[in-house]
Amino acid sequence: MTLVRVASEPGSPGRENEDFAAASASVMVVIDGAGSPEGLESGCRHSVAWYARNLCGLLLTSAADQNVTLADALATSIERVNALHSGTCDLGHPGSPSATVAVARVLGDDVEHLVLADAVLVLDRVDGRAEVVTDTRLADVVAKLDEPGGLPPLGPDGRSAGLRRRVEELAAHRNQPGGFWVASADPQAAEHALTGTTAVADLAAVALLSDGASRLADRFHLLDWRALLQVLHEDGPAELIARTRAAERTDPHGSRWPRGKASDDASAVYRSFSKNL
Ligand SMILES: [Zn+2]
């Protein structure tokens, strides 16, 4: 019996969730959409959530074809989303919606994975190791841009002028050699994703997380990866997100853990391969 659990929640109640997560019998996908801050032009009349859910659905479908690689499935999905709005929107605009991607696919005796930008995939190995796959190129660019003192303090709603300037600076490095790669209008970004294959026999579980759901481990350091996997195994993705929200509430202004948004959209997909479930 295969058990896949999925949870996805907006950063705050009433805001549109710009993450999208879904799973089929063989494919698991987490998408984390990003766009221009309010008040900046994007060239696209659709919402970031629209972009995220269409990319997720098309990727779930494309990756189900076992004859294509995950990178090719992602490239095809990016092209298909482009086709949905190339007639109404300026896809060459630097503010066009983009997304980070994590995909895992069970194919025969193997689990294949693909990670693009700062989504996180964790391979829970039967030997006890937690192997984290995430693309640091976005963080590397941010580190280069950071002035001494790091990110500016959060504004009342997490969208200070400093943050807006940061988004504009990042756009100049997006999908450029030497910069970082995300899913947006350019299907070639898929070639720059991190990919790998692991034997099912070597895995206890696999977890796919948007960066809003990996914070307890990689930003707040309240859990190590093994403990995070334990939460997913015992209590599931919704509990991981609930614990993340509880931690964020203890630091609403980002003074202990500097971050762009007090609470981010959070998504987790967890699949266990243990035989005794
Ligand atoms: Zn559009």
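Bear in mind these aren't lab numbers, they're just calculated from the coordinates by the rules spelled out. Everything numeric in this text was worked out from a predicted model, so none of it was measured. Glycine also receives a Cβ, built like all others from the backbone with ideal geometry; neighbour counts cover every protein chain displayed.
Distances between placed amide hydrogens fall under 5 Å for Leu223 paired with Ala217, all partners being 5 or more residues away or on another chain. Of Phe180, Phe20, the sequence from fewest to most neighbouring Cβ atoms within 10 angstrom is Phe180, Phe20. Pick from Ser24, Ser42, Ser210 the residue whose mean-square fluctuation is largest in a GNM of the chain, springs joining Cα atoms under 10 Å. Result: Ser24 has the largest fluctuation of those listed.
Other residues within the sphere of radius under 15 Å centred on the Cβ of Glu112, judged by their own Cβ, net out at -4 (K and R +1, D and E -1).
What shape does the range 168-277 have by the C-alpha gyration tensor, where a ≥ b ≥ c are the square roots of the eigenvalues, rounded means a/c under 1.5, and otherwise prolate means a/b greater than b/c and oblate the rest? It is oblate, given that a/c is not under 1.5 and a/b is not larger than b/c.
Sorting Asp110, Asp265 from the fewest to the most surrounding beta carbons within 10 angstrom yields Asp110, Asp265.
Each Cα pair under 8 Å and six or more residues apart adds its separation to the average, and for the chain the resulting relative contact order is 27 percent.
Note on the chain: GNM, Cα springs under 10 Å; of Pro94, Pro252, Pro187, the largest mean-square fluctuation is that of Pro252. The trypsin sites (Lys or Arg not before Pro) of the range 1-104 that DSSP puts in a loop, and whose beta carbon has at most 16 other beta carbons within 10 Å, are Arg15, Arg45. For a 4.7 Å threshold on C-beta separation, the list of partnerless cysteines in the chain reads Cys56.
Distance between the C-alpha centres of the range 209-256 and the range 87-149: 18 Å, rounded to the whole angstrom.
In this Cβ point-charge picture (+1 for Lys and Arg, -1 for Asp and Glu), the range 3-272 has a dipole of about 560 debye about its Cα centre.
As a proxy for reagent exposure, Thr244, Thr69, Thr250 were ordered by neighbouring Cβ count within 10 angstrom, fewest first; the result is Thr250, Thr69, Thr244.
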